[in-house]
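Engineer: To start, I am sharing the structure in question, which I have written as structure tokens.
The values are calculated or read from the model by the stated rules, or taken from the named source; none is laboratory data. Just so we're clear, the structure is a prediction, and the values are computed from it rather than from any experiment. Counting neighbours? That spans all protein chains shown, and the Cβs are built from the backbone with ideal geometry, glycine included. Just the protein is used for accessible areas: all its heavy atoms, side chains included, with ligands, DNA and RNA removed. Shrake-Rupley method; radii C 1.70, N 1.55, O 1.52, S 1.80 Å.
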Number of protein chains: 2
Amino acid sequence: MHFVAAIDAVGGGLRPVLGLHETVCSGAADGYGRMAGKPALTLLHLGPGLSNGLANLHNARRASTPLVNLVGDMATWHQAADPLLSSDISALAHTVSRHVHTCAPGQDLGAAMAAAVSATAAPAGASGSRVATLIVPHDLSWERAKQPANGSSLPASVLLNQAAAAAGVSSAAPLSPAAQQFVRDAAAALQACPRGKAALYIGGRAALSEGDALLSCGRIAAATGAALLCENAFARVDRGAGLPNLQRLPYFPQEAAAALSQYELLLLMDVRRPVANFGYEGAPSQLVALPDEAVWEFDSWGVDLPAALRLLAELVGGAAITPNVNCKGAFCAPSRPQLPAGRLTAATMCQTVAALQPPGAIIVDESLTSGSSYWALSRGCPQFSHLTLTGGAIGAGIPLSVGAAVACPDRVVINLQADGSGMYSVQGLWTQAREGLKVITIVCANRTYAILKVELARERITPSNGKAAKALTEIGSPAIDWVALAQGMGVPASRATTCEELAAAMSAALARPGPSLIEAVL
Amino acid sequence: MHFVAAIDAVGGGLRPVLGLHETVCSGAADGYGRMAGKPALTLLHLGPGLSNGLANLHNARRASTPLVNLVGDMATWHQAADPLLSSDISALAHTVSRHVHTCAPGQDLGAAMAAAVSATAAPAGASGSRVATLIVPHDLSWERAKQPANGSSLPASVLLNQAAAAAGVSSAAPLSPAAQQFVRDAAAALQACPRGKAALYIGGRAALSEGDALLSCGRIAAATGAALLCENAFARVDRGAGLPNLQRLPYFPQEAAAALSQYELLLLMDVRRPVANFGYEGAPSQLVALPDEAVWEFDSWGVDLPAALRLLAELVGGAAITPNVNCKGAFCAPSRPQLPAGRLTAATMCQTVAALQPPGAIIVDESLTSGSSYWALSRGCPQFSHLTLTGGAIGAGIPLSVGAAVACPDRVVINLQADGSGMYSVQGLWTQAREGLKVITIVCANRTYAILKVELARERITPSNGKAAKALTEIGSPAIDWVALAQGMGVPASRATTCEELAAAMSAALARPGPSLIEAVL
């Protein structure tokens, strides 16, 4: 409560956004961080509040999103009593964070917050996490503390909030001689590789149009004939006409391993080595079978990635390449699918979205099985940002949309939202209404956990159509009325059962200020 | 998926109930365990699935509810690859569980599940937890395993489910000589204590009408003049006409400590020593200031509690007492408040419920500030079970109602549900509709996190009415339309703005099969 009351004291430096469940807060912070490139701050109430936020913090960890959690704890002198709300907050925090700190009496809370913010800017840890968690016992928040600058005294809660408000984007260090040598060696390997046998595997900051890392990747591919691949579950890839033409790795390990097996040289651009999402009988664990010397990792040294990729492009003779139309296939030509007509299916839903999405859209894609055709259909759309589910913890889409819209008020967010996953964080619609966020949620209402049915079939599990399997994979009885849910939380909504209805609803939603929801009945 | 498919193989021994978020599953398991006295089983998907269930598992831990979680993990040979959905499941599980076991290749999964079930029946640990968590790597579920009985081979997933289906209520061991001596010593202390200076503080199994532990508590009080207190945040207290007349401990520590300070001798009946929910400046941590020899703990030896209390009642001369009307104030006389009329307030809402609740009702009470008058108003109602929020992790009410209704299909569940807390697990309404559960949810729609405003005021935090404090404690803009939300998930719903409307809606809901929701606008 002290930190809440102190938010006003930092004078506009922090914008409080309320979520009706902590999974909305942590997912929104993830969406904000992916788009803004600087951390959002969550304020969570003890262990249960952090617990509720963990699933989307898991996604943020896998997305390498900079994010800071401020978690209140019991007063230091009350912890031994083990009151009802006590639990092991530090243990919970460690499962998602690369930095966990519990403040002690007498500690400078402003400095502790500054350290947490700094930790989000350092190179990601082994799991990719840039999440930092600061645990502050209750009594520390009501103490007064000295300001380092002038020695005057302020409430500790205000100092902490000031430090959080000061968070910004840190600038990268220049390329060291060792890093430059690494790039020269990679360039030599790339040029020595037979044409068509090298691939750039792109993620993280290499997939963003900010700076020119993504552009450099396209230039490298255009100059060398290397393939351009990207993760299947990516945090954010900037896409569309004039941007590099990426091939998304397939979801299932056998297909993904087959796609990667064509290459003899792999350059990993700010991304972990690809591994299978699950282990299946007879399927691989690691998706790359190459020896270590054929895999170059451009993510481990924490320096200026755009500069490194610019240097690599220059060394392979691609520095001057302009991303004009179909430049050796490395860049996407402008193109849009036609507006489809008639029956609404998963494919025609994707086609409608790709036909109508406005320039600069942010596509938050938790469409899972329903959205499989969207990637190819949207290739030539006006430039947009594409965000997906990075950690497999479903329920990211609605909260990610909240955060992306807060970070980018001048862009339209379109959330392609699977219905089963959407119900995990449906409360986030209320925050969209409250904040007047420009988010269009398109619910892919197939009324089933379709991905589970695919898994049952792939694992040849019988009885895959048994009573229990049906009861635990189908959500159509009763059918969820998404229009009622959205309206119940203040979001204008409609239902579409044909392509024409979806197109009309999208056009109306684009024309209206604030959020909208469209239930696309598939 | 293997365990889902194998549920059918155990032939009706397990009833699969789907939740649209794991907090529904874990809260429902808590409600089931509180009413059935035997564990429900949750099936959770890796670390994120467990994370989503943690808040209500925290409540279950504080309620000492027997409960088993089955959590799938990555295949053993795939864990080193750290796939997207991997996280430290064991660390997460330890924060709520008293028993955590990760199965290893070759292990008998049936025996591992039987051990987990057994762990829920043993005396609760220091934190009160009877939660057991079994972690099963993916590859173990598709192995076949020998049946101990006849050596034939079955899928491990079936064996595990069979062990879970066999879970029952364990019978307690008879009183040992040491336990009998403890009871004799307690009886002597009670009889030596000045009249009115002793109190029984009741919780856990001592508060249940099953067996006669609760009845014995009333007899002990009637015979000795001891006061009858119960926890503020209790798992389940059986109440109503003819049952002991309990005084509920106040919520705030100053008031609770004052209530307890009247007594020189305290008998703790299956309950932890009372402590403050939070530490406040100048307020106590421990609520009981008595020396250890004046506090008798009847919960630490894991034997037959009803037998111990029966013996105690006999030793103090209360064995023959019949709980007739107002027997020295120790038992409740039948009485019902009048149906109120006119404006709906928190108090008249509670009065209406107490006036209309049917015999045998299960009151799931997450009403927080709105329900403060319900305790006294319902004292003389026909016997009912009263369940509250035990761990402070809000969002328990709707899921608890699901589990209580599954456990007791012949009883009516009435959920007094604060609106802010209700939004934490609103998805549970869908499960109520799907399973046709007899649950009447009464939403206390005051459109604010009222408890936070109380806390702000008590801590004299300024500006308590600042912009941020308002933004983060009020949920009325936009107003949540609970009728739309309920109907959107298949639950018939209506809105009440007067006492008459609430009474009419309750009568209609009682007459209708399946669930209903009433938004009581306060």
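Engineer: Percent relative contact order of chain A, based on C-alpha pairs within less than 8 angstrom and at least six residues apart?
Structural biologist: Result for chain A is 14 percent.
Engineer: Check which residues have an amide H placed less than 5 Å from B:Ser516's amide H, if you skip close sequence neighbours.
Structural biologist: For B:Ser516, whose amide H was placed from the backbone, the distant partners under 5 Å are B:Val439, B:Ile440, B:Thr441.
Engineer: Now for a different question. Aspartates and glutamates within cross-link reach of B:Lys438: Cα-Cα under 18 Å, excluding same-chain residues under 8 positions apart?
Structural biologist: Answer for B:Lys438, where 18 Å is the Cα cut-off: B:Asp30, B:Asp365, B:Glu366, B:Asp410, B:Glu519, listed by chain and number.
Engineer: Return the average number of partner chain Cβ atoms within 10 angstrom of each residue Cβ along peptide A:102-114.
Structural biologist: That average works out to 0.
Engineer: Is the shape of the range B:2-165 best called rounded, prolate or oblate, per the rule: a/c under 1.5 gives rounded, else a/b larger than b/c gives prolate, else oblate, with a ≥ b ≥ c the square roots of the Cα gyration tensor eigenvalues?
Structural biologist: It comes out oblate by the Cα gyration axes.
Engineer: How big is the A-B contact in terms of buried accessible area, both chains counted, 1.4 Å probe, rounded to the nearest 100 Å²?
Structural biologist: Rounded to the nearest hundred, the buried surface is 7700 Å².
Engineer: Order A:Lys197, A:Lys470, A:Lys438, most accessible first, counting only protein heavy atoms with a 1.4 angstrom probe.
Structural biologist: Output order, biggest surface exposure first: A:Lys470, A:Lys197, A:Lys438.
Engineer: Another one. Probe 1.4 Å, all protein chains in place: accessible area of B:Arg379 in Å², nearest 10?
Structural biologist: 70
Engineer: Could you let me know the centre-to-centre spacing of the range B:345-400 and the range A:255-314, using Cα atoms, in angstrom?
Structural biologist: Centre-to-centre (Cα) distance: 58 Å.
Engineer: Let me ask something additional. Near B:Lys470, which aspartates and glutamates are there with a Cα under 12 Å away, not counting those fewer than 8 places off in the same chain?
Structural biologist: Leaving aside aspartates and glutamates fewer than 8 places away in the same chain, those within reach of B:Lys470 are A:Asp8.
Engineer: Can you pull a Stokes-Einstein diffusion coefficient for the range B:467-522 at 20 °C (1.002 mPa s), Rh from Kirkwood over Cα pairs, as a whole number of µm²/s?
Structural biologist: Numbers: Rh = 12.6 Å.
Once the numbers are plugged in, D ends up at 170 µm²/s.
Engineer: On to the next question. Suppose each label sits 7 Å from its Cα in the direction of the beta carbon; what would the A:Ala508-A:Ala126 distance come out to in nanometres?
Structural biologist: In this crude label model, A:Ala508 to A:Ala126 measures out at 5.4 nm.
Engineer: Same structure, new question: Leaving ligands, DNA and RNA out of it, report the carbon-plus-sulfur percent of the accessible area of the protein assembly as shown at a 1.4 Å probe. Numbers along the way, then the final one.
Structural biologist: Details: 18920 of 34890 Å².
Taking all protein chains in place, the protein assembly as shown shows 54 percent carbon and sulfur surface.
Engineer: How many percent of Cα pairs in the range A:346-521 exceed 22 Å?
Structural biologist: Taking all Cα-Cα pairs of the range A:346-521, the fraction more than 22 Å apart is 41 percent.
Engineer: Further, regarding this structure: I'd like the FRET efficiency for A:Glu143 and B:Ser152, computed as 1/(1 + (r/R0)^6) with the beta carbon distance as r and R0 of 51 Å, rounded to 0.05.
Structural biologist: For R0 = 51 Å, the calculated efficiency reads 0.15.
Engineer: Further, regarding this structure: Longer than 27 Å from Cα to Cα, which of B:Lys38/B:Lys453; B:Lys197/B:Lys453; A:Lys38/B:Lys467; A:Lys197/A:Lys453 are they? Say none if no pair is.
Structural biologist: In this structure, B:Lys38/B:Lys453; B:Lys197/B:Lys453; A:Lys197/A:Lys453 lie more than 27 Å apart at Cα.
Engineer: Of B:Val275, B:Val364, which has the most accessible area with a 1.4 Å probe, and how do the rest follow in descending order?
Structural biologist: The residues order as B:Val275, B:Val364, largest area first.
Engineer: What's the FRET efficiency of B:Gln247 with B:Ala192 using the Cβ-Cβ distance as r and R₀ = 22 Å, to the nearest 0.05?
Structural biologist: 0.45
Engineer: Next up: Averaged per residue, what accessible area in Å² does chain B show with a 1.4 Å probe, protein chains only? Don't jump to the answer; show the numbers that get you there.
Structural biologist: On the way: 17430 Å² over 522 residues.
Roughly 33 Å² per residue, with all protein chains present.
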